[in-house]
Amino acid sequence: MTPPTPSKRPLWTVVVTLLLGAAALWGASRLVWSAQLREAGVRGTLLETQTGAQHSGALVPLALLGVAGVAGSIATGGWPRRVLGVILAVAGLWACWIAVDGVSFGGFPAGAPVWQVFTGRGLALLGGILVLLGGLMAIKNAGAMPRLGARYAAPSGQKTARDPDTELWEALSEGEDPTDR
């Protein structure tokens, strides 16, 4: 009896979740995260904004880690996939912390892109949650997902039951006398 082949659905779920999380983190790094008025001397007061990447330099590397997690989830299996899942879960928690750290719901200067601030932080929170979920699913389903190259692994030592006539012909082909058994 051959062992059941792993289902590809959990693997595709992890891959899609990590890709969506990485895209959300990258998108959040491009939006405005904070706006404040700054005194500019002769020019008066200026509205100074910071993007997510300027506010926290970790957003883009966390997005890249999510993309690398896709490759790692496909290529590994067993314990290495579980370790990768733990790393991704911690990265997702870190992205969530970055998204909510220092958020302010009021006190925006006139002309500030308030919708971008909340959209940017919301996308970062969503991306962090998706990377966290992808990591947790990789941990939970590490043994149930197929891995790269598993098709080419050496067969187990146990032989499957075959047709007796086929075994006789194969013994003759190998140069053995099947009647000596």
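Kindly indicate whether residue 130 is touching a residue at least 40 places away in the same chain (Cβ under 8 Å), out of contact with any Asp or Glu (no Cβ under 9 Å at 6 or more places or on another chain) and either in a helix (DSSP H, G or I) or basic (Lys, Arg) (or both). Answer is yes for this residue. A search for C-beta distances below 6 Å between a residue of the range 78-104 that is over 16 Å from residue 67 (Cα atoms) and any residue that is among the β-branched types (Val, Ile, Thr) and assigned to a helix (DSSP H, G or I), counting only pairs 6+ apart in sequence or on different chains, returns 82/139.
Number of residues in the range 38-81 that are over 27 Å from residue 114 (Cα atoms) and crowded, with 18+ Cβ neighbours inside 10 Å equals 9.
Being touching a helix residue (DSSP H, G or I) at 6+ places or on another chain (Cβ under 8 Å), hydroxyl-bearing (Ser, Thr, Tyr) and either over 26 Å from residue 142 (Cα atoms) or surrounded by fewer than 15 Cβ atoms within 10 Å (Cβ to Cβ) (or both): is that true of residue 34 here? Judged against the criteria, residue 34 is a match.
A residue that is within 30 Å of residue 140 (Cβ to Cβ), small (Gly, Ala, Ser) and modelled with pLDDT of 95 or more occurs nowhere in the range 97-112.
The values are calculated or read from the model by the stated rules, or taken from the named source; none is laboratory data. Since this is a predicted model, take the numbers as computed values, not measurements. Don't worry about glycine lacking a Cβ; one is built from the backbone with ideal geometry, like all the others, and counts go over all protein chains shown.
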